[in-house]
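> Could you have a look at this structure, given as structure tokens, before my questions?
The values are calculated or read from the model by the stated rules, or taken from the named source; none is laboratory data. A quick note: this is a predicted structure, and the numbers were derived from the prediction, not measured. Note that we place each Cβ from the backbone using ideal geometry, even for glycine, and neighbour counts take in every protein chain shown.
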Amino acid sequence: MATNYDVARIFLEIAEALELSGQDPYRVRAYRNAARTLLSLEEPLAEIRRRGELLSLPGIGESLAAKIAEILDSGRLRQHDELMEHFPPGVAAMMHVPGVGPRTAQTLFRELGLTSVEELEHAAREGRLRALKGFGAKTEANILQNIARLRTRRQRIPLARAYPLAQQVIHLLRAAAPVRDIEAAGSLRRMTEDVGDIDILVTSDDPAAVMAAVTRLPFVQRVLATGPTKTSVLSEQDVQVDVRVVAPENFGAALQYFTGSKEHNVKLRTLAVRQGLKLSEYGIFRGDTRLGGATEEEMYRPLGILMYPPELREDRGEIERGLAGVPPDFVEERHLRGDLHVHTNASDGRASLRAMVEAARERGFTYVAISDHSPARGNARGLSAARLRAQAREIRALNRELTDITILAASEVDIRRDGTLDYPDDVLAELDLCLASVHSAFNLSREEQTARLLRAIDSPFLDIIAHPTGRLVGTRDPIELDMRRVMTAAAAHEVALEINSWPERLDLNDAHILLARELGVPLVIDTDAHAPEHFDNLKFGVATARRGWATPADILNTIPLSQLLPRLRRNRLRKAA
DNA sequence: GCCGTTTTCGGCCCGACTGTTTTCAGTCG
């Protein structure tokens, strides 16, 4: 049976082939929109079809519904087969080379018979491209360079790398040029887990000086383009950085526009057109009258739409809610009263108990759970039961000394391969709070891994599952899980799932958080700090929670300790009984 | 190919930069 992904891939290939054949771009877009819908579905298409609800999916009409049915029934689509005969997959692949779009790929295919990136590279090396109309030596050289770049570059840059680089650019430009406002836009501002490039917006009295300064940034490997308002450079680590200078009165318009997402903007502009308004990066207009654009709010207000924060702008319903006048009410850093996952140098942390608690206190937290590793984490100096008890005594002593923060004696206990926890129950019973997580056997089957977590959730002592999928963005895949089953069990047992703030983890991710809220699973946002400065990572966890539409009420550690402790105790008693 | 509190037909977001053009097409975001 064809999966949702299979159907989406066929639609995407059709879109590319139609683009190559010079078809109506809106028809092309219809296939891409449909693919996007399919990729976001929770449920198999076959189920939706069985219920006769294909037509209720956004972007699916009579024609595409019939094509989905054909693919589900036969595993293929005649239209797709025919298109692939006319345009071999390699021809579409040439469009992945930057600077080669559908028209160029079509010309290369028709005039030179090129059917793959390899053949394109060969032809460029032999100087055969410049014979074509509209091609020159420079185009040829660019294509070669871009093919080389395509081969070496990492497809997406994890937020963990992109965010610090963007901050660096901002600091360096402030120092090197007369910059007034400067802000990162793009997917970085929306805090997606990885980004394609870095977009920086600037206002300045001397745009030319800013553009020049960008080309001279210390990490610039190559200047890709530079004009009076936009400069694109490639960093040494192959990250593209785009810097745009805009007039101060347009800053809000540009920020809104370049923050996106593309889908959010398309919908917004479509609504604007219906109201006789026009949006661009230069403002919002009725005819020739400019209604605003200095701030982002000015871009939404004339449309009668409440502005939602950048993390929400993914066209997941935020525009409709803003239009209906429902104000945004999402979790912010200031709502968090405590951190429930913190390490010390007793296991693999870098700082002492006292130093970590002090850092948490300075941050404004009124409680903090110290959760070092259990014995199974030998390489992280996991605590024996005796050391864990000694730490608990140390915590009680410190609690008598400190007045404005309370320390919880906790542990991040390993979930063993079989789903049992890495301390005996009598030890777990002594803890104020118990987190558990998977640090081993990442490649069990979906069934085994699901059973493993379900068994852990059954433990009467478990309060929180930390970084539930174990994924590392761009490095390690999440463990295979039937997330819906795990979450249903977690909701039933009132076990919370963590949103881990490490930018490499962001685990749960936004899609899981949306599902957790739907299923009524309690959530916590933790830093998993291993050093005092790691509390700064909280912003990534909070942003991810917002991407999952989490409100303060969804997040357990927004409540005061006086409410949290009884809840933990009650839960433990209920589960033991 | 989709879609509708302007429309069941005629819309579907818009501007900057590049290269090769002597006025603009193609690509990108």
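> In the range A:490-509, what residues are without any contact (Cβ under 8 Å) to a residue 60 or more places away in the chain, outside any loop (DSSP other than H, G, I, E, B) and crowded, with 20+ Cβ neighbours inside 10 Å?
Result: A:490, A:497, A:499, A:507.
> Between a residue in the range A:530-552 that is closer than 17 Å to residue A:342 by Cβ and any residue that is among the charged types (D, E, K, R) and in a helix (DSSP H, G or I), which pairs come within a Cβ distance under 8 Å, given they are 6 or more apart or on different chains?
A:532/A:358; A:538/A:333; A:539/A:333; A:542/A:333
> Here's something else I'd like to know. Kindly provide the set of residues from the range A:527-554 that are buried (at least 24 other Cβ atoms within 10 Å of the Cβ) and within 19 Å of residue A:380 (Cβ to Cβ), ordered by number.
A:527, A:528, A:529
> From the residues in the range A:34-44 that are more than 7 Å from DNA strand B (Cβ to nearest atom) and at pLDDT 80 or above, which one is surrounded by the fewest Cβ atoms within 10 Å (Cβ to Cβ)?
A:44
> Would you mind telling me which numbered condition in (1) more than 18 Å from residue A:420 (Cβ to Cβ); (2) assigned to a strand (DSSP E or B); (3) touching a His at 6+ places or on another chain (Cβ under 7 Å) residue A:435 fails?
Residue A:435 satisfies every listed condition except (1).
> I've got another one for you. Considering only the range A:346-358, how many residues are surrounded by 22 or more Cβ atoms within 10 Å (Cβ to Cβ) and touching a residue at least 60 places away in the same chain (Cβ under 8 Å)?
Going through the range A:346-358 one residue at a time, the tally reaches 2.
> Among (1) among the hydroxyl-bearing types (Ser, Thr, Tyr); (2) at pLDDT 90 or above; (3) not in a loop (DSSP other than H, G, I, E, B), where does residue A:192 come up short?
(3)
> Go over the candidates A:400, A:446, A:389 one by one and state the one that is over 26 Å from residue A:557 (Cβ atoms) and of a type in the set (D, E, K, R). Steps first, answer last, please.
On the way: A:400 fails: over 26 Å from residue A:557 (Cβ atoms); A:389 fails: over 26 Å from residue A:557 (Cβ atoms).
Result: A:446 is the single residue among A:400, A:446, A:389 that is over 26 Å from residue A:557 (Cβ atoms) and of a type in the set (D, E, K, R).
> Then there's this: State all residues of the range A:1-51 that are polar (S, T, N, Q), touching a residue at least 40 places away in the same chain (Cβ under 8 Å) and either in contact with a Pro (Cβ under 6 Å, 6 or more places away or on another chain) or part of a helix (DSSP H, G or I) (or both); if no residue qualifies, say none.
Listed by number, the list holds a single entry, A:4.
> Of (1) crowded, with 22+ Cβ neighbours inside 10 Å; (2) touching a strand residue (DSSP E or B) at 6+ places or on another chain (Cβ under 6 Å); (3) charged (D, E, K, R), residue A:194 satisfies all except one. Which?
Only one criterion in (1) crowded, with 22+ Cβ neighbours inside 10 Å; (2) touching a strand residue (DSSP E or B) at 6+ places or on another chain (Cβ under 6 Å); (3) charged (D, E, K, R) is unmet by residue A:194, namely (1).
> Among the residues of the range A:522-538, is there at least one that is part of a helix (DSSP H, G or I), of a type outside the set (Asp, Glu) and within 24 Å of residue A:313 (Cα to Cα)?
yes
> Looking at the range A:375-394, can you tell me whether even one residue there is assigned to a strand (DSSP E or B) and in contact (Cβ under 8 Å) with a residue 60 or more places away in the chain?
no
> Got a sec? Which of A:62, A:111, A:85, A:140 is over 15 Å from residue A:18 (Cα atoms) and more than 9 Å from DNA strand B (Cβ to nearest atom)?
A:111
> Which of the residues that make up the range A:210-237 are within 13 Å of DNA strand B (Cβ to nearest atom) and among the charged types (D, E, K, R)?
Hits for the range A:210-237 are A:222, A:230.
> Related question: Mind listing whichever residues of the range A:2-31 are under 16 Å from residue A:77 (Cα atoms) and within 15 Å of DNA strand B (Cβ to nearest atom)?
Once the filter is applied, which keeps residues that are under 16 Å from residue A:77 (Cα atoms) and within 15 Å of DNA strand B (Cβ to nearest atom), the range A:2-31 yields A:7, A:8, A:10, A:11, A:12, A:13, A:14, A:15, A:16, A:17, A:18, A:31.
> Restricting to the range A:362-374, count the residues that are among the charged types (D, E, K, R) and assigned to a loop (DSSP other than H, G, I, E, B).
1
> Kindly indicate whether residue A:180 is of a type outside the set (A, V, I, L, M, F, W, C) and assigned to a helix (DSSP H, G or I).
Numbers: of a type outside the set (A, V, I, L, M, F, W, C): yes; assigned to a helix (DSSP H, G or I): no.
No; evaluated as a whole, the condition is false for this residue.
> Sticking with this one: On the basis of being within 19 Å of the chain's Cα centre (by Cα) and either outside any helix (DSSP H, G or I) or within 16 Å of residue A:418 (Cα to Cα) (or both), does residue A:479 make the cut?
Yes; evaluated as a whole, the condition is true for this residue.
> Scanning the range A:295-313 for residues that are without any contact (Cβ under 8 Å) to a residue 24 or more places away in the chain and among the hydrophobic types (A, V, I, L, M, F, W, C), which turns out surrounded by the fewest Cβ atoms within 10 Å (Cβ to Cβ)?
A:306
> Something else now. Output the number of the condition that residue A:411 fails; it satisfies all remaining conditions of (1) closer than 16 Å to residue A:529 by Cα; (2) touching a Gly at 6+ places or on another chain (Cβ under 8 Å); (3) of a type in the set (Gly, Ala, Ser).
For residue A:411, the exception is condition (2).
> For the range A:246-256, state whether one or more residues are more than 9 Å from DNA strand B (Cβ to nearest atom), in contact (Cβ under 8 Å) with a residue 40 or more places away in the chain and charged (D, E, K, R).
Here is the first cut: in the range A:246-256, the ones more than 9 Å from DNA strand B (Cβ to nearest atom) are A:246-256.
Those left that are additionally in contact (Cβ under 8 Å) with a residue 40 or more places away in the chain: A:246-256.
Remaining after also requiring charged (D, E, K, R): A:249.
Scanning the range A:246-256 turns up at least one residue that is more than 9 Å from DNA strand B (Cβ to nearest atom), in contact (Cβ under 8 Å) with a residue 40 or more places away in the chain and charged (D, E, K, R).
> For the range A:359-386, name all the residues that are charged (D, E, K, R), buried (at least 18 other Cβ atoms within 10 Å of the Cβ) and either more than 21 Å from residue A:559 (Cα to Cα) or at pLDDT 95 or above (or both).
A:372, A:377
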